[in-house]
Every structure is written in structure tokens, then in C-alpha cells.
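All of the numbers you see were taken from the coordinates with simple rules; none came from a lab. These numbers come from a predicted model, not from an experiment. Reconstructed Cβ throughout: ideal geometry from the backbone, glycine too, with neighbour counts over all protein chains shown.
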Amino acid sequence: MIETMSRRSWVLCAVLIAAVSLIQGAPGGVDFQREVRPILSENCFQCHGPDQGTRMADLRLDTRDGLSSRRPAGLVVAPKDPAASLLYQRITHEKAAMRMPPIYSHKTLTDQQKAVLRRWIEQGAPFKEHWAFQAPVRPPVPSVKAANWARNPIDKFILAKLEAA
């Protein structure tokens, strides 16, 4: 009984540590799925999304190919160079008539959203598919100091986090 309670305490601690690390995320890096796609989805996909019937300028911003496409004036997104990226040029354009999203859409990007897009481009504009479209990959089982404590691979993951903390 005592051994089981102790084991439950270890598991609870491991779950809490894992939850905190998930919430904190990667420091400094802009996550495409969590930060960039919602901005584009809310403000751009109506005219530059998957619906061919409403798509304007034959430009898609919901796909890797669309974001990395070359237009007559340059690249839609030039990785690591916001100034050369047509997307960034249009969302920060001085003239309201040239700025995206257009006035008639009744949508505007906040300074914070523009900063997120700028940082994303500066970081190389990494495009990541939604997790549901990625094949699952089994991570390697970590090595632990108290290997005899672990009864299965899941225990080793939990113990590795606890040992690290």
C-alpha cells in the first residue's frame, strides 16, 4: 500500500512537471500552429485560403507552397527577411488602400500580431503542418538512474523527468 501511494505521488509530480513544460513552450520561438496560423486564419484566409470561389489574386496563405510562392514582385514570405517579404510589406504598408487586410474586410492586425509575423519571418518562417496530419513518431525511451524502479517504458519517461527536476 505504501509503495503504491509513493508511486502515485511520483506519477502526480511527473504529470505536473510535464504540464508546466507544455504551458511554457519553447522560449523565444514563434510556433506556427499556435501563433501564426490563427492570425492568418482570422484575417487572411477569407480571401487567400482554401476556398477557390473566394480566393483573390490566386494566392493561398494556408499552405506551405502558397506562403513560399514567388509572385511578380517577389516572395510572399522571404525567410529571415521581413522587408523582402510581400506578406509583411502588405500588412505594414503606409497607404491604407495597399494595406492588408483591406478596409472593406473590417479586419485589422494589431501591432502585436504584426510583431508575431515579423518574428516568425525573422526565424526563417518555419511552416509546421497541424499535428493531425503528421505521422506519429515513437520517441526513444530515456535512460534512468533507478532502472529497476520502472516497470514499463512509460515509467522511464516519468522517472527521467523526476530525476531531471
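Rg and Dmax of region 83-165, based on Cα coordinates, read 23.0, 68 Å.
One chain, two ends: GLU163 and GLN52. Fully extended at 0.36 nm per residue, the span grows by 34.7 nm beyond their Cα-Cα distance.
Remark: C-alpha extents of region 32-133 on the principal axes read 36, 31, 28 Å, sorted largest to smallest. Taking the Cα centre of region 32-133 as reference, the dipole from Cβ charges on Lys and Arg (+1) and Asp and Glu (-1) amounts to some 140 debye.
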